[in-house]
Structure formats: C-alpha cells, structure tokens
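Asker: Quick one: the structure is below, questions incoming.
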Amino acid sequence: MRRSAGCRSGGIGHRGAAVAAAVLAGVLTAAGCATDSGPHGSPTTRSGGDKPPSGVAKGALTWEFQHIADFNGKLTDVAALAKDDIWAVGSENDGSSPAFLLHYDGTKWTREPLPEALGAGAYPPALEEVGDETLWLRPLTVEDPAAANSWARWDGTRWSAVPDPPPGNVGELEGDDPDDIWALAGERSAQHWDGTRWTTTRLPHDASDLAVVGPADVWAVGSRSTGPGTEPGAGERYSQPASMHWDGRSWTSVDTPQARFEEPLPPEPGAGLGDVFARADGEVRAYGTNSSMGRSRTNPRTNSSNCAGTARSGPRRSRRPAGAPSGSRRPRTTRACSSTATGT
C-alpha cells in the first residue's frame, strides 16, 4: 500500500490492564485534513474535525492517537481511501479467533468479519490500495493454492472477489491503477497486470520491494551476490545493495553504491536495500542495511541516477505479517544505508 486519497493512517496495538487497540492517525492541517479526539466510547468512537490540535501551528503535520475499539489483540494493517472510508485489520491475542476488519465511515468505527471471498491464511490478511478508489485484501502465507488465489476487493460500497489475482504466493504488491499493478513473485521475478492478464518478467537481482511511478517507470530494490564489492571476505561473499528499473520494455540493473565494513571483516557480512518509495518531487529513495553478526555502524549513502517520468510521493512499510518469522538464523547487528535516484 502506498498512498490514499484522503488522510493517511498507520496502525499500532498495545496492552494494559484493560487491553485495547488504537490507530495512530495522521493530521495534515495545511490541507484541512485533521482529526481530534472526543470522549472515548466502546466499542466505537467518534473521530473527525478540521481544526488542528491545540498548540499546533497552521500548516504543521502532526500525529495523535485515536481510540477505535476495545479488544485483546492488535491491529496489523490499515488503509484509507477517503476520510470517510478507512479500513483496518485486527487480530485477537488468543490465536483462536480469526482476524477481523474495522471500518470507519466518517462517523464511527464498526467491527466486521473478513469477506467470504477471502482465502484463509496463516496470518492476518494484508490491505493493498490499488488506485484511488479500490482496496484489495489478500491472504498471507497460505499453503493451499486455491486459498492463495482467493482475494477480496472493496469498491467503496461492497466486498467482492478479485477476478484475476496474481497467481501463487506473491510478495510486495504495488499499483497506481487497477490496470497497472506490479507484484514480486520470488526473489528474481516480478508479475505485471495490464488490465487483461498477468505477465512474469525476470529481474536482474534479488528484490525485496517495489515502487511504481508510472506504466514505464517502476523501481525494484534488493541485493546482489556477484559483481564489484561481493568478493569473499572471511571465507564468504559480501552481498551488495542492488536497484533495478523498468522502462516499459525491460528491467535493467542500476548502478548502486556499495556498502562494506572495514577490514578485518566481521562474521557473515552483507548489505542490501529493503524499502523503496517515490517522492512527489521526482526523487526515488531506497533504504536498507549493512549488517553482520558482531559489528554495526551507521553510514547513509546517496546515489544519483536518472529515472524517466514524474514520481509520486508515498512512504513504504514493511509487509512482513505481524508475528511472522523474519527468516534470520539469529539476531543481526545492522547499519543503515540508503540510495537516492532523481527523476528527470
């Protein structure tokens, strides 16, 4: 999920003597998009208003808590199509109850069951904004192929089945338009929906995230295990950050700064980019880590590279489902690295 037509929200869950879930709502006073808190009720509360919170300067961007429901669990995802059409995914801590939805209609939050069209998954489903007027709800980490291809779609009025979801278990998914959607399928493959069919393309390197700027302007980031900077150190190769660009015809590798610890190298060194997003000013930013098992330094890096088209803004968050294993063998120490590509 990359952006919304109305206010943008993020989710957070927490515990106490009386366990409750709450969302962290963004307030953009400069655009007249704001929220304020009133007396809390249960299970739903009022939210709204166009005035900035007390003490906040006009035009400032601020955050405040909005209580939405009481339950013994947490929120795992949230998406907003408009100020009066916001959805959140929740799950109970006991593990015995299925995930559920919370919907804000501009007046109150209402708890709803998952759509019947949605396939069952091992973790709470993920919300994906596909254009300005459509949400997709997809299962995560499912073993049944039939369930993996059972996605639900919200059109602003009702939930229905997605006619042609991407085949198999997909990773990151991005789409600025219902007829222009990209999804990662495995470490070296990407799938594209053009409104008629899904097409699989081969990526130059392993990818972990996508950013769609336009039909002929898509970015992917990840890591590479061959080429400059990957020479073996301490008996093993040193993976390096990698970025890739789609120009409407093919994927090409883009020169990306290397990240490397000083000699002697620590055990299991490696670097890669895990998140990418496009800003409104035409700049594409990617972030990742340079990590090892016993050493850590912060070292931001910048890469200037041309990209076609005009980028749109949109922060990126991790898509690992809440509670899902990260895949790491044991905790790793990291240092941040970043790359920047400026559009022409």
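Nothing in this text is a laboratory measurement; each read-out follows from the coordinates by a stated rule. These numbers come from a predicted model, not from an experiment. In this analysis, Cβ positions are derived from the backbone assuming ideal geometry, glycine residues included, and neighbour counts consider all displayed protein chains.
Asker: Ignoring solvent entirely, what values of log10 I(q)/I(0) come out of the Debye formula for region 74-209 at 0.12, 0.16, 0.21 Å⁻¹ when each Cα is a single scatterer?
Answerer: Result of the Debye calculation: -0.47, -0.83, -1.33.
Asker: Cross-link partners among aspartates and glutamates for LYS108, C-alpha distance below 14 Å, same-chain residues fewer than 8 apart left out?
Answerer: List returned: ASP36, ASP70, ASP84, ASP85.
Asker: Pairwise over distinct Cα atoms, reciprocal of the mean inverse distance: report the Kirkwood radius of region 60-117 in Å, one decimal place.
Answerer: Averaging 1/r across every pair of different Cα atoms and inverting gives 12.5 Å.
Asker: Give me the percent of Cα-Cα pairs in region 108-174 that sit more than 20 Å apart, rounded to a whole number.
Answerer: 22 percent
Asker: With r defined as the distance between the Cβ atoms of TRP63 and GLU133 and R0 fixed at 35 Å, what FRET efficiency is calculated, to the nearest 0.05?
Answerer: About 0.85, to the nearest 0.05.
Asker: Between GLU283 and THR201, what is the FRET efficiency for a Förster distance of 35 Å, r being their Cβ-Cβ separation, to the nearest 0.05?
Answerer: Efficiency, rounded to the nearest 0.05: 0.90.
Asker: Give me Rg over Rh for region 141-255, both radii from the alpha carbons and Rh done the Kirkwood way, two decimal places.
Answerer: Here the Rg-to-Rh quotient is 1.06.
Asker: If the chain between ALA82 and ARG237 were fully stretched, how many nm would it gain, using 0.36 nm times the residue separation less the Cα-Cα distance?
Answerer: Answer, rounded to one decimal: 51.1 nm.
Asker: In addition: Take peptides 284-290, 103-109 and line them up by average Cβ neighbours within 10 Å, highest first, as a rough protection proxy.
Answerer: Going from most to least packed, we get 284-290, 103-109.
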